[in-house]
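J.: Dropping the structure in here first, questions after.
The values are calculated or read from the model by the stated rules, or taken from the named source; none is laboratory data. Please read all numbers here as calculations on a predicted model, not as lab measurements. Quick reminder, even Gly has a Cβ in these numbers, built from the backbone with ideal geometry, and neighbours come from all protein chains shown. These area figures cover heavy atoms from the full protein model, side chains too; ligands, DNA and RNA do not enter into them. Shrake-Rupley method; radii C 1.70, N 1.55, O 1.52, S 1.80 Å.
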Amino acid sequence: MKNLITLDEFILRRQKDFPFATGELSGLLRDIGLASKIISREVNKAGLADITGVAGNENASGEEQQKLDVMADNLLISCLKNSGECCGIASEENDTYVTISESKNAKYVVIFDPLDGSSNIDVNVSIGTIFAIYRRQSAAGECQLEDFLQSGTNQVASGYVLYGSSTMLVYTTGKGVNGFTLDPSIGEFCLSHPDIKLPEKADIYSVNHSQYRDFEPGVQKFIDECIDNGFKFRYIGSMVADVHRTLLKGGIFMYPGTTKSTNGKLRLLYECNPLSLLMEQAGGKSTNGSQRILELEATELHQRTAIFIGSSCLVEKVDAYIKDSSKVAGL
Ligand code: AHM
Ligand code: MG
């Protein structure tokens, strides 16, 4: 049998690399791992239990909540509350952040999208949990909005859990990216993808093609060129799954702005920042078409941004086309 390294063992080993680590970050990562095992169990039996379908409410962005969105959100909040290692959380599903009064002096906040791609639940397509951990900015006491509105470069750790043909947890603490696959027979995440690096090959593009006519000319030119060059087109419609494929196979995932929605659809804090840190750590790039996602200023919790994320050569190319077409338009 191969030498198995579980997620908990790996986190503990990494903690020893930081001589002054107190174990709080490791504790948080383990708690997120635990919550995601429970979410994975629920997602896997979604077709059997009465937990698919809409919950009957809308989330903070006015989108219909699914029952599993609500379940995953509640589970993560209660696991993080129990952990005692974070002073507050912000979730894509809630209007504002939640203060954890039981551990109000803890030094971390956690931001997450509990179930990304949830409109895919009913048709059994991959979905995932995305998370980011930041050190609080405010002094001890109840956490403040400023603790959540930090730039992505301040992330101490980020990651996602993909509920796909197998369940995988992928995370970074700024020292490379590692992936773990859940072995359901022992209930443990085991290291399966150490030190993930984007492959050199970059011939896959991923975008919601139905919006092509509403994209700016630079993005249209880039897409036309992908087609002319025989690139493969892949679009799952769950960002977490599309970005996972991009990490492992290379290529580019885009959710550009459109004429109707100039900042696209995806959220800076819940989706774009955590996945951008992972992408950069794996050797790729992530921009909004002109600026690095991780350096964007966060002004509100549910802020949206356009995103171009993946192999550096492709992200640089689409950015250059966008710049050229803005010059032509005199912008
Ligand atoms: P969600 O967080 O409500 O699930 O929405 C985000 C999802 C992303 O996972 C995905 O990339 C995008 O929405 C797909 O949007 P579209 O249907 O417009 O292509
Ligand atoms: Mg989402």
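J.: Select the strands (runs of 3 or more DSSP E) contained entirely in the range 169-270, then report the ones holding at least 3 residues which are within 13 Å of ligand 1 (Cβ to nearest atom) and touching a residue at least 40 places away in the same chain (Cβ under 8 Å). Lay out the reasoning, then the answer.
T.: Details: elements: 177-183, 188-193, 204-206, 252-255.
By residue number, 252-255.
J.: Please enumerate the residues belonging to the range 167-213 that are surrounded by 14 or more Cβ atoms within 10 Å (Cβ to Cβ), within 27 Å of N124 (Cβ to Cβ) and small (G, A, S).
T.: Passing the criteria: G179, S192, S206.
J.: Name every residue in the range 127-149 that is within 15 Å of I89 (Cα to Cα) and open to solvent by 10 Å² or more (accessible area, probe 1.4 Å), in order of residue number. Before the answer, list the steps.
T.: Filtering the range 127-149 for residues within 15 Å of I89 (Cα to Cα) gives 129-138, 141-149.
Across the range 127-149, the qualifying residues are R135, R136, Q137, S138, G141, E142, Q144, L145, E146, L149.
J.: Right, another one. Which residue is farthest from the chain's Cα centre (by Cα), if the candidates are limited to the range 271-290 and must be away from ligand 1 (no atom under 11 Å from the Cβ) and among the charged types (D, E, K, R)? Break it down stepwise before answering.
T.: Of the residues in the range 271-290, the ones away from ligand 1 (no atom under 11 Å from the Cβ) are 273-274, 276-290.
Those left that are additionally among the charged types (D, E, K, R): 280, 285.
Values: E280: 13, K285: 14 Å.
Within the range 271-290, the match that is farthest from the chain's Cα centre (by Cα) is K285.
J.: Every residue in the range 236-260 that is open to solvent by 30 Å² or more (accessible area, probe 1.4 Å) and more than 15 Å from ligand 2 (Cβ to nearest atom), please.
T.: If the condition is that a residue be open to solvent by 30 Å² or more (accessible area, probe 1.4 Å) and more than 15 Å from ligand 2 (Cβ to nearest atom), then R245, L248, K249, T259, K260 are the ones that fit.
J.: Return the only residue of N124, N120 being in the same structural domain as K67 (by TED's automatic domain parsing) and either under 13 Å from the mean Cα position of the chain (by Cα) or away from ligand 2 (no atom under 16 Å from the Cβ) (or both).
T.: On the way: N120 fails: either under 13 Å from the mean Cα position of the chain (by Cα) or away from ligand 2 (no atom under 16 Å from the Cβ) (or both).
Only one candidate qualifies: N124.
J.: In the range 261-286, which residues are among the acidic types (D, E) and within 15 Å of ligand 2 (Cβ to nearest atom)?
T.: Keep residues of the range 261-286 that are among the acidic types (D, E), which gives 271, 280.
Result: E271, single match.
J.: Residues in the range 91-117 that are surrounded by fewer than 24 Cβ atoms within 10 Å (Cβ to Cβ) and within 16 Å of ligand 2 (Cβ to nearest atom): how many?
T.: So the answer is 3.
J.: Determine whether Q65 is in a strand (DSSP E or B), among the polar types (S, T, N, Q) and assigned by TED's automatic domain parsing to the domain that holds G179.
T.: On the way: in a strand (DSSP E or B): yes; among the polar types (S, T, N, Q): yes; assigned by TED's automatic domain parsing to the domain that holds G179: yes.
Criteria met by Q65.
J.: Is it the case that the range 155-178 has a residue that's at pLDDT 95 or above, among the charged types (D, E, K, R), more than 16 Å from ligand 2 (Cβ to nearest atom) and not assigned by TED's automatic domain parsing to the domain that holds S312?
T.: The answer is no; no qualifying residue exists.
J.: Looking at F189, is it assigned by TED's automatic domain parsing to the domain that holds A35 and among the hydrophobic types (A, V, I, L, M, F, W, C)? So that I can check it myself, show each step before the final result.
T.: On the way: assigned by TED's automatic domain parsing to the domain that holds A35: yes; among the hydrophobic types (A, V, I, L, M, F, W, C): yes.
When the stated conditions are applied, F189 passes them.
J.: In the list S312, S286, S261, S276, which residue meets the criterion of being under 18 Å from D116 (Cα atoms) and among the polar types (S, T, N, Q)? Spell out how you get there, then give the answer.
T.: Values: S312 fails: under 18 Å from D116 (Cα atoms); S286 fails: under 18 Å from D116 (Cα atoms); S261 fails: under 18 Å from D116 (Cα atoms).
Among S312, S286, S261, S276, only S276 is under 18 Å from D116 (Cα atoms) and among the polar types (S, T, N, Q).
J.: Every residue in the range 261-313 that is farther than 24 Å from G176 by Cβ and open to solvent by less than 50 Å² (accessible area, probe 1.4 Å), please.
T.: Start the filter on the range 261-313 by keeping residues that are farther than 24 Å from G176 by Cβ, which leaves 261-267, 288-291, 297-306.
Within the range 261-313, S261, G264, L266, R267, N288, G289, A298, L301, H302, Q303, T305, A306 meet the criteria.
J.: So which of S166, S101, S83, S138 ends up being away from ligand 1 (no atom under 16 Å from the Cβ) and touching a Pro at 6+ places or on another chain (Cβ under 9 Å)? Please lay out each step first, then the result.
T.: Values: S101 fails: touching a Pro at 6+ places or on another chain (Cβ under 9 Å); S83 fails: touching a Pro at 6+ places or on another chain (Cβ under 9 Å); S138 fails: touching a Pro at 6+ places or on another chain (Cβ under 9 Å).
Sole residue among the options that is away from ligand 1 (no atom under 16 Å from the Cβ) and touching a Pro at 6+ places or on another chain (Cβ under 9 Å): S166.
Residue-by-condition table, conditions (1) under 20 Å from S158 (Cβ atoms); (2) modelled with pLDDT under 95:
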{"site": "S40", "(1), (2)": "yes, yes"}
{"site": "V54", "(1), (2)": "no, yes"}
{"site": "I89", "(1), (2)": "yes, no"}
{"site": "S101", "(1), (2)": "no, yes"}
{"site": "F112", "(1), (2)": "yes, no"}
